[in-house]
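Data first, discussion second: the structure below is written as structure tokens.
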Amino acid sequence: MARLYRCGECGLRFPNPALARQCASWCRTHRSCNLELLRQAV
């Protein structure tokens, strides 16, 4: 089973830690979801 990395702000899970960090940064700054990142969530 592949390891997933969770966004600390919204809880979405990603296949690599860099995407989870980008998502958390976006969430903190914009208080919304980034559709480009959302497409890569598992």
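No value in this document is a laboratory result; all are computed from the given coordinates. Nothing here was measured: the structure is a model prediction, and the numbers come from that model. FYI the Cβ positions are ideal-geometry reconstructions off the backbone, even for glycines, and counts take in every protein chain you see.
Which residues, counting only those in segment 19-31, are over 11 Å from V42 (Cβ atoms) and under 8 Å from the mean Cα position of the chain (by Cα)?
The answer is R21, Q22, C23, A24.
When you scan segment 5-18, do you find a residue that is surrounded by fewer than 16 Cβ atoms within 10 Å (Cβ to Cβ), of a type in the set (A, V, I, L, M) and within 8 Å of the chain's Cα centre (by Cα), even just one?
no
Could you run through segment 19-42 and say how many residues are part of a helix (DSSP H, G or I), among the hydrophobic types (A, V, I, L, M, F, W, C) and surrounded by 10 or more Cβ atoms within 10 Å (Cβ to Cβ)?
8
If you go through segment 1-18, how many residues are in a strand (DSSP E or B) and not hydroxyl-bearing (S, T, Y)?
Residues meeting the conditions: 3.
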